[in-house]
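The values are calculated or read from the model by the stated rules, or taken from the named source; none is laboratory data. All of these numbers come straight from a predicted model, not from anything done at the bench. Cβ sites come from the backbone with ideal geometry, for glycine too, and all protein chains shown count toward neighbours.
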């Protein structure tokens, strides 16, 4: 479904992603893990079209994706839930959801919004509240729901559990599992390595802008940890292990 | 007592005009981080539009001026600002200086440096005596137009799908693109609105002064810039508040300063602006906008 | 010997730029008075934009108010140099110590620069605390206030009337010395630990603060240095014009100097020098073209070139780089190596290092 | 790779500069030559705000030059013209003067403003030629203030303001006057001051004084203060210029204040009358009537000729001044026999009510501007301007000018 080939991304003269390739099949959930600065978010942003790729190609459902055109990428069926959620703080929850459907003009938008409210009860309760005044977990729900409003076939999730209480983190991972079972293909970027390994069909460990290894389940965790320790940024590794 | 009421009436009308000038500057800054100094030249273009078509009939002139200025605003965005859209704020700002300088000098070549007279219906330049308070028709016109424009804009930004998209883009441009809002459409629409508002402001200025001239945009854009910054850059409510305060202190100082000090009125007005800034460095109503 | 060589190399950029200006100074007078005067104005603009750069470029905060320092320098310098006799009739209400003052240009430069620096120090107390855009606007308010004071304080400045009788001491060599002096001062500041801290804060305010940089203090220092320099330029410019009004240090000059800096590139001293030079050359060239097209070409052409530069090189012509002979020589060798068919791998490496 | 482009850029800039410099290196040509044509240099504003005043002056000066050349020149010497644009800049005025000098100017016409013409006058002095402004009105054209080679063909501001004050007193029978000053330019400050002095000297009362800004967005406070006066003034004197001053006039009339308004030659011309439809009881001074009803047939003839060539002039100031600058040059040259500054200055200083098209012109060894020239009082009724009468001021105040 998604084919990433020799992807390269640079910030000025600094090359953050140095040529990575991987493939995602329909219905899979793929994890991207690795220490800070490994290039995970950069990869995701390049796929979503936020960042300009300096080399390589990305094909979705057999067609090459345009470079640096997020509004076109989302129309192809790829939605990104970015790091930090980035809900539209000044707008109401319902307006946020409706904006998620910006690419649609069909009649089912209203019913989809109702469905989202059912799925995330908090959204029902706060539908007319300014999104910025809600808690981090609730904002994460808004961000997810907003992305789903576009009816994506591929969902890109960037650190959905970051900064959330453990209980909420559980909910988030549960939700990701649910979405996969509904047939949405998912690419998940996480620092929470173990849980990602457990959840994902397959995971890639990124390090220094390259794929260091691929893993298929929790049983590979020891090896993954080893790959982590190869990281230049030892602080990140220490933090990572502490988290896990 | 009538003095005070008269001053309030004057301040209200000036604040309304300032609001009309400040809104488009705040709107464009909110969307793309550009402090558009060439907004003043949009006002100038609209005023010359009124001049060119005023001989026919006024409604037609207003319509044609609006069309002209909206087209000019869209062209300005397309030709000058789109190529530098992702540059730093200072590059954007200086680009707008250059555009402003260019348009001013083109106008000087085309129309010369003498002001052009525009006749407007005498009903618009009447004055009413309401119990000792003098109210100019143009003051009423200014307030009404400001209320209609602000009200319309608020409705548009809160109710219409496109308006909400614009607010989203103003808050987080990249995220807005990620949900599929087309960047070009939003920015073009913003410039179109800014152009239309410049047209309205130009109409008020022309009714006030009866003339159009090449440098007429400079003072309005400086006022807009100061009001917007004082209110909190990028925040529409802030811009309106900033405009109101600037209008009030301008009329206020005109009233209280002695005749010897009055020529230096602006020194006092900007002293007050400086004080506001020192107390509220992020403006009166800071925007929650993040530049990415 | 090698120590000396090291010092010279460290000052390579200002030395090279000075040589360029020196060349202009040598050649210009032979081309006639009008060219010489244009060259003087260009050199003064170089000094002015370098002064502007020492705040706006190094701190990354665009300022709309620095021309107020120029006005202060110009008026202070003029008031202490206009002959006492002339002052008696021009400015009869001048306080005694000013009415009787008549000093030489170097002293006037010290007074003008010192006064502007003092003013900068005073306003920096509150203003340096403001964040970026608020600081820009606060400086703009300062400019308007200074302008209004100059335009209305009749007994001191003659108000909006021109201040006349200023001795025209500014020769092309004085202008050159001002420009070169400004360049060396600013370069030394830029390379000093104060300059480095300010630049660090420009790149990343939070990390700089985290490593102990006191941004407010660094901005204060920068304001005083730029204020002093621009004050000096004000004295020199007034002594070139001989006649000036408050308008000469107001909006037109503010916009023009910012444009020169941005065209050259706000992130390098070289940019602050190249910008005014390019604008001067362009202005002259376009004016020659006006004999064919009629008046107005210069202004319109300059504006179009400005837009083009910003579109194609948004970070200015220099794009943050400094002029260095070592780079030029390496590139030259490089070019020969390329022509000899060798790979340009080193070229890439060089680029990455810069 | 970018760094290489950058190097080329530096080299390119330098090359252009050196090239430009050497290209004009051989242009040396001193002024003051006594044979061949007389070269008149126009160091005037062709662009910027002053172009509106300078361009008509240049046009009418060229008209006179053509007439002289057709008649065989001045004492057999034809006149040639060289030009350079000051861009309405103070340093541009200096460079423009340098350029016309380099092109061989023997006599210079400078811009229509005291402040902006001074740098040109200084350059002209250094090169031994006379510089004359066609229409600057400042009484600072005095040999103890500026170099003695500087002249203005204009009518002194006090002369105009005094004429208007006397006219208001004697013809409009006004006793009280209200003065509205826009202090943006020095000209208006002088004008208001001279009006006030004359008014008080002739026994009138000042009902009030107020200031407003040229670029203000609201004049309501000023209007309110007039209305709140216990007794409305008999006349209002406006010292300002279009468009800000016109806006003030418009607001005064639309607020129902119908006292006669007096204004100086800044409001000359009819181009702005459309901004105040139906304006009445407005009187301003002018240097000529452009409506064909000027009392001086010579003026009508000149204006007709100019209109044929360039269309109707916007104002009379520049057109009258420019034409008479060349007349003065012709007369003074015939007297002096040279364009050398000392001789020409001496010849000009003998002008005592010399009859030129602009009117009687007087220069002496102090004042290089005419202080007491009659002005034309123009009247506007129902939006139509017409010539009312000539006015010769009886008492022209001397402003305490340093």
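When the test is whether a residue is surrounded by 24 or more Cβ atoms within 10 Å (Cβ to Cβ), modelled with pLDDT of 90 or more and closer than 20 Å to residue D:165 by Cβ, residue D:235 passes it. Candidates are the residues of region D:128-138 that are buried (at least 24 other Cβ atoms within 10 Å of the Cβ) and within 14 Å of chain C (Cβ to nearest Cβ); the one that is nearest to the chain's Cα centre (by Cα) is D:136. Looking at C:180, C:225, just one residue is assigned to a helix (DSSP H, G or I) and more than 28 Å from residue C:134 (Cβ to Cβ), and that residue is C:180.
With respect to being within 14 Å of chain C (Cβ to nearest Cβ) and either at pLDDT below 95 or surrounded by fewer than 21 Cβ atoms within 10 Å (Cβ to Cβ) (or both), residue D:200 falls outside the description.
Rundown of residues vs (1) out of contact with any helix residue (DSSP H, G or I) (no Cβ under 7 Å at 6 or more places or on another chain); (2) crowded, with 21+ Cβ neighbours inside 10 Å, yes/no style:
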| site | (1), (2) |
| --- | --- |
| B:233 | no, yes |
| B:236 | no, yes |
| B:242 | no, yes |
| B:258 | yes, no |
| B:265 | no, yes |
| B:268 | no, no |
| B:272 | no, no |
| B:278 | no, no |
| B:281 | no, no |
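From the set of residues in region C:306-324 that are part of a helix (DSSP H, G or I) and in contact (Cβ under 8 Å) with a residue 24 or more places away in the chain, which is farthest from the other protein chains (Cβ to nearest Cβ)?
By that ranking, first place goes to C:309.
Might you check whether a residue that is in a loop (DSSP other than H, G, I, E, B) and either more than 9 Å from chain A (Cβ to nearest Cβ) or farther than 19 Å from residue A:99 by Cβ (or both) occurs anywhere in region B:128-137? Checked region B:128-137: at least one residue is in a loop (DSSP other than H, G, I, E, B) and either more than 9 Å from chain A (Cβ to nearest Cβ) or farther than 19 Å from residue A:99 by Cβ (or both). Only a single item in (1) in contact (Cβ under 8 Å) with a residue 60 or more places away in the chain; (2) buried (at least 24 other Cβ atoms within 10 Å of the Cβ) is not met by residue B:177, and it is number (1).
Residue B:228 - would you say it is surrounded by 21 or more Cβ atoms within 10 Å (Cβ to Cβ) and more than 10 Å from chain D (Cβ to nearest Cβ)?
Numbers: surrounded by 21 or more Cβ atoms within 10 Å (Cβ to Cβ): yes; more than 10 Å from chain D (Cβ to nearest Cβ): yes.
So residue B:228 fits the description; yes.
Condition first: free of Cβ contacts under 8 Å to residues at least 40 places away in the same chain and out of contact with any helix residue (DSSP H, G or I) (no Cβ under 6 Å at 6 or more places or on another chain). Now tell me which residues in region B:43-59 satisfy that.
Answer for region B:43-59, where residues must be free of Cβ contacts under 8 Å to residues at least 40 places away in the same chain and out of contact with any helix residue (DSSP H, G or I) (no Cβ under 6 Å at 6 or more places or on another chain): B:52, B:55, B:56, B:57, B:59.
Go through region C:163-184 and give me each residue that's under 24 Å from the mean Cα position of the chain (by Cα) and within 11 Å of another protein chain (Cβ to nearest Cβ). C:163, C:166, C:168 - these are the residues of region C:163-184 that are under 24 Å from the mean Cα position of the chain (by Cα) and within 11 Å of another protein chain (Cβ to nearest Cβ).
Region C:1-72 holds helices (runs of 4 or more DSSP H) entirely within its bounds, and those carrying 2 or more residues that are within 27 Å of residue C:247 (Cα to Cα) and within 14 Å of chain D (Cβ to nearest Cβ) map to C:33-59. Hey, can you tell me all the residues within region D:152-180 that are surrounded by fewer than 24 Cβ atoms within 10 Å (Cβ to Cβ), in contact with a strand residue (DSSP E or B) (Cβ under 6 Å, 6 or more places away or on another chain) and part of a helix (DSSP H, G or I)? Scanning region D:152-180 gives a single hit, D:167.
Restricting the search to helices (runs of 4 or more DSSP H) fully inside region A:111-183 and requiring at least 3 residues that are in contact with a strand residue (DSSP E or B) (Cβ under 8 Å, 6 or more places away or on another chain) gives A:136-148, A:166-181. For region B:23-32, the count of residues that are in contact (Cβ under 8 Å) with a residue 40 or more places away in the chain, in a loop (DSSP other than H, G, I, E, B), buried (at least 20 other Cβ atoms within 10 Å of the Cβ) and within 14 Å of chain C (Cβ to nearest Cβ) is zero. Could you tell me whether any residue of region C:159-169 is crowded, with 21+ Cβ neighbours inside 10 Å, in the same structural domain as residue C:94 (by TED's automatic domain parsing) and not in a loop (DSSP other than H, G, I, E, B)? Among the residues of region C:159-169, at least one is crowded, with 21+ Cβ neighbours inside 10 Å, in the same structural domain as residue C:94 (by TED's automatic domain parsing) and not in a loop (DSSP other than H, G, I, E, B), which makes the answer yes.
So that you can scan it fast, the table gives a plain yes or no per residue for (1) at pLDDT 90 or above; (2) within 27 Å of residue B:185 (Cα to Cα); (3) in the same structural domain as residue A:202 (by TED's automatic domain parsing):
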{"site": "A:12", "(1), (2), (3)": "no, no, yes"}
{"site": "A:63", "(1), (2), (3)": "yes, yes, yes"}
{"site": "A:94", "(1), (2), (3)": "yes, yes, no"}
{"site": "A:101", "(1), (2), (3)": "yes, yes, no"}
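May I ask you to verify whether residue D:318 is surrounded by fewer than 15 Cβ atoms within 10 Å (Cβ to Cβ), assigned by TED's automatic domain parsing to the domain that holds residue D:144 and modelled with pLDDT under 95? Criteria not met by residue D:318.
Return the only residue of C:262, C:236, C:216, C:281 being more than 10 Å from every other protein chain (Cβ to nearest Cβ), in contact with a helix residue (DSSP H, G or I) (Cβ under 7 Å, 6 or more places away or on another chain) and in a helix (DSSP H, G or I). Spell out how you get there, then give the answer.
Working: C:262 fails: more than 10 Å from every other protein chain (Cβ to nearest Cβ); C:216 fails: in contact with a helix residue (DSSP H, G or I) (Cβ under 7 Å, 6 or more places away or on another chain); C:281 fails: more than 10 Å from every other protein chain (Cβ to nearest Cβ).
Answer to the selection: C:236.
For every residue, the table says whether it meets (1) modelled with pLDDT of 90 or more; (2) within 26 Å of residue B:46 (Cα to Cα); (3) within 8 Å of another protein chain (Cβ to nearest Cβ).
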| position | (1), (2), (3) |
| --- | --- |
| B:199 | yes, yes, no |
| B:210 | yes, yes, yes |
| B:216 | yes, yes, yes |
| B:244 | yes, yes, no |
| B:254 | no, no, yes |
| B:257 | yes, no, no |
| B:263 | no, no, yes |
| B:268 | yes, no, no |
| B:291 | no, no, no |
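Among the residues of region B:73-85, some residue qualifies, meaning at least one is more than 14 Å from chain C (Cβ to nearest Cβ) and either within 27 Å of residue B:171 (Cβ to Cβ) or part of a helix (DSSP H, G or I) (or both).
Only one entry of D:125, D:213, D:190 meets the criterion of being within 14 Å of chain C (Cβ to nearest Cβ), under 30 Å from residue B:8 (Cα atoms) and within 22 Å of the chain's Cα centre (by Cα), and that entry is D:213.
Here is a check on your reading of the model: is residue B:179 away from chain D (no Cβ under 14 Å) and in contact with a strand residue (DSSP E or B) (Cβ under 9 Å, 6 or more places away or on another chain)? Answer is yes for this residue.
Just checking, which of D:221, D:183 is part of a helix (DSSP H, G or I), under 27 Å from residue B:206 (Cα atoms) and within 14 Å of chain B (Cβ to nearest Cβ)?
Working: D:183 fails: part of a helix (DSSP H, G or I).
So the residue among D:221, D:183 that is part of a helix (DSSP H, G or I), under 27 Å from residue B:206 (Cα atoms) and within 14 Å of chain B (Cβ to nearest Cβ) is D:221.
Of the strands (runs of 3 or more DSSP E) lying entirely inside region A:22-94, those containing at least 2 residues that are within 14 Å of chain B (Cβ to nearest Cβ) and surrounded by 23 or more Cβ atoms within 10 Å (Cβ to Cβ) are A:78-81.
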